[in-house]
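Engineer: Attaching a single structure in structure tokens format; questions to follow.
Coordinate-derived values only; no laboratory data. Because the structure is predicted, anything quoted here is derived from the model rather than measured. A quick note on method: Cβ atoms are made from the backbone with ideal geometry, for glycine too, and the neighbour counts reach across all protein chains shown.
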Amino acid sequence: MSDEDNVQLFKALSEETRYKIIKALLEGERCACEIPNLIGKTQSNTSMHLAKLQDWGIIKVRKDGKMRLYSIDNEKIREILRIAEE
């Protein structure tokens, strides 16, 4: 990964809402409708952070009917968090 990619990973992890989203998605794919409740934030705030994480290539989204399902797209984030939590 480039330095820019690494900076984006650490930016994602340094902000509480984005960190909570990433932690929730590490458990598996989640519908956009359930993420706000999991992290204790509003839908609009969560959507803003989901978009930023997607722009940075950390998460990905797929549509299933009207649902938007988010999951981790950058496996390096799993390793970073595993090391940090040791």
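Engineer: Regarding Ile58, is this residue closer than 14 Å to Ala24 by Cα and of a type in the set (Val, Ile, Thr)?
Structural biologist: Details: closer than 14 Å to Ala24 by Cα: yes; of a type in the set (Val, Ile, Thr): yes.
The answer is yes for Ile58.
Engineer: Further question: With the checklist (1) of a type outside the set (S, T, N, Q); (2) touching a residue at least 40 places away in the same chain (Cβ under 8 Å); (3) within 14 Å of Lys23 (Cα to Cα) in hand, flag the one item Ile39 doesn't pass.
Structural biologist: (2)
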